[in-house]
Amino acid sequence: ALAMDGETVISGAYLADAKGVNSGAAYVYEVEDGGWSETTKLVPTDGTADDLFGAYNSISLRNSIATIGSFRSDAKGVNSGAAYVFLRSGTQWSEHTRLTAMDGQAGDRFGIATSTDGRGVLVGAFFHDHVGANSGAAYAFQILHENGEPCDSGTQCVGDYCADGVCCDTLCGGACEACSVPAGAPANGACALLDPTRVCRTAAGACD
């Protein structure tokens, strides 16, 4: 499996033995100094032998979200399948969540294919029996980010607030507040005054 977005590529190696024989892995490549370099190896925290993480059409990538299927995972029964969402913050990738079908069963192969638009995820389960044996199904998920994780809008955040490119604990705004380290806050995800000695009038967008 292979996915590309801008100057980032993720390639699957579904027979890699990172978490056991044929557990699978995925490798992240990015443009550095005019060339491509391997920057990260992704594996699920609960991966096991024969999961085949990163096989076939199971990798999708958009902006700072990567989804990678593990269609022989036994999360809901033998070969029921799972998919893992990884988020990028700066240059670092971290596992965000494991996705499974609420009605998942053994043999569904959930995670055989994935797709993401950077806000939601679609995961296929091609042997699910919804309207007949092996008729198949696809499951849609919305990825909600915790405070401090990257965002484009408040709809992506658990708390509904996005400021300075990260999910924020409050509706952070005005000329003297910030919610990310690059914008001047002491930590990502917590709205703070740029100058603690001043009072911020958020509605007016100014400081006193």
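Considering Cys162, Cys157, which residue is under 30 Å from Leu194 (Cα atoms) and touching a helix residue (DSSP H, G or I) at 6+ places or on another chain (Cβ under 7 Å)?
Only one candidate passes the filter, namely Cys162.
State whether one or more residues within the range 94-116 are open to solvent by 40 Å² or more (accessible area, probe 1.4 Å), in contact (Cβ under 8 Å) with a residue 40 or more places away in the chain and of a type in the set (S, T, N, Q). Let's see the steps before the verdict.
Initial filter on the range 94-116 (open to solvent by 40 Å² or more (accessible area, probe 1.4 Å)): 94-98, 102-103, 105-106, 109, 115.
Retained after the next criterion (residues that are in contact (Cβ under 8 Å) with a residue 40 or more places away in the chain): 95-98, 115.
Within this subset, residues satisfying the condition of being of a type in the set (S, T, N, Q) are 97, 115.
Yes, because at least one residue in the range 94-116 is open to solvent by 40 Å² or more (accessible area, probe 1.4 Å), in contact (Cβ under 8 Å) with a residue 40 or more places away in the chain and of a type in the set (S, T, N, Q).
Could you give me the residue pairs with C-beta distances under 8 Å whose first residue belongs to the range 4-16 and is under 16 Å from Val43 (Cα atoms) and aromatic (Phe, Trp, Tyr), whose second residue is open to solvent by 20 Å² or more (accessible area, probe 1.4 Å) and in a loop (DSSP other than H, G, I, E, B) wherever it lies, and which are 6+ apart or on separate chains?
What qualifies is Tyr14/Ala1; Tyr14/Asn22; Tyr14/Tyr56.
Here's the yes/no breakdown for (1) surrounded by 16 or more Cβ atoms within 10 Å (Cβ to Cβ); (2) over 30 Å from Ala82 (Cα atoms):
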residue	(1), (2)
Asp129	no, no
Asn134	no, no
Gly148	yes, no
Asp152	no, no
Gln156	yes, no
Tyr161	yes, no
Asp164	yes, yes
Cys167	yes, no
Thr170	no, yes
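In the range 96-113, which residues are at pLDDT 95 or above and either over 20 Å from Ala138 (Cα atoms) or not in a loop (DSSP other than H, G, I, E, B) (or both)?
Those that are at pLDDT 95 or above and either over 20 Å from Ala138 (Cα atoms) or not in a loop (DSSP other than H, G, I, E, B) (or both): Arg98, Leu99, Phe110, Gly111, Ile112, Ala113.
Kindly evaluate Thr39 against the criterion of being in contact with a strand residue (DSSP E or B) (Cβ under 6 Å, 6 or more places away or on another chain), under 13 Å from Trp93 (Cα atoms), open to solvent by 30 Å² or more (accessible area, probe 1.4 Å) and β-branched (Val, Ile, Thr). Steps first, please.
Values: in contact with a strand residue (DSSP E or B) (Cβ under 6 Å, 6 or more places away or on another chain): yes; under 13 Å from Trp93 (Cα atoms): yes; open to solvent by 30 Å² or more (accessible area, probe 1.4 Å): yes; β-branched (Val, Ile, Thr): yes.
Criteria met by Thr39.
Pick out the one residue from Thr48, Thr39 that is in a strand (DSSP E or B) and in contact (Cβ under 8 Å) with a residue 24 or more places away in the chain. Reasoning before the result, please.
Working: Thr48 fails: in a strand (DSSP E or B).
When all the criteria are applied, what remains is Thr39.
Please go through the range 12-29 and pick out each residue that is more than 13 Å from Tyr56 (Cβ to Cβ) and within 17 Å of the chain's Cα centre (by Cα).
Going through the range 12-29, the residues more than 13 Å from Tyr56 (Cβ to Cβ) turn out to be 16-23, 25, 27-29.
Residues satisfying the conditions are Ala25, Tyr27, Val28, Tyr29.
Of (1) of a type outside the set (Lys, Arg); (2) under 10 Å from the mean Cα position of the chain (by Cα); (3) at pLDDT below 95, Gln92 satisfies all except one. Which?
(2)
Considering only residues that are of a type outside the set (Gly, Ala, Ser), assigned to a strand (DSSP E or B) and free of Cβ contacts under 8 Å to residues at least 60 places away in the same chain, look in the range 17-29 and name the one that is farthest from Asp5 (Cα to Cα).
Looking at residues that are of a type outside the set (Gly, Ala, Ser), assigned to a strand (DSSP E or B) and free of Cβ contacts under 8 Å to residues at least 60 places away in the same chain, I get Tyr27.
Could you tell me how many of the residues in the range 58-74 are surrounded by fewer than 20 Cβ atoms within 10 Å (Cβ to Cβ) and touching a strand residue (DSSP E or B) at 6+ places or on another chain (Cβ under 8 Å)?
Adding up the residues that qualify gives 2.
The values are calculated or read from the model by the stated rules, or taken from the named source; none is laboratory data. Note that the coordinates shown come from a computational prediction; the quantities given were computed from them, not determined experimentally. Positions of Cβ are backbone-derived with ideal geometry, glycine not excepted, and every protein chain shown enters the neighbour counts. Keep in mind that these areas ignore ligands, DNA and RNA; they rest on the heavy atoms of the full protein, side chains included. Shrake-Rupley method; radii C 1.70, N 1.55, O 1.52, S 1.80 Å.
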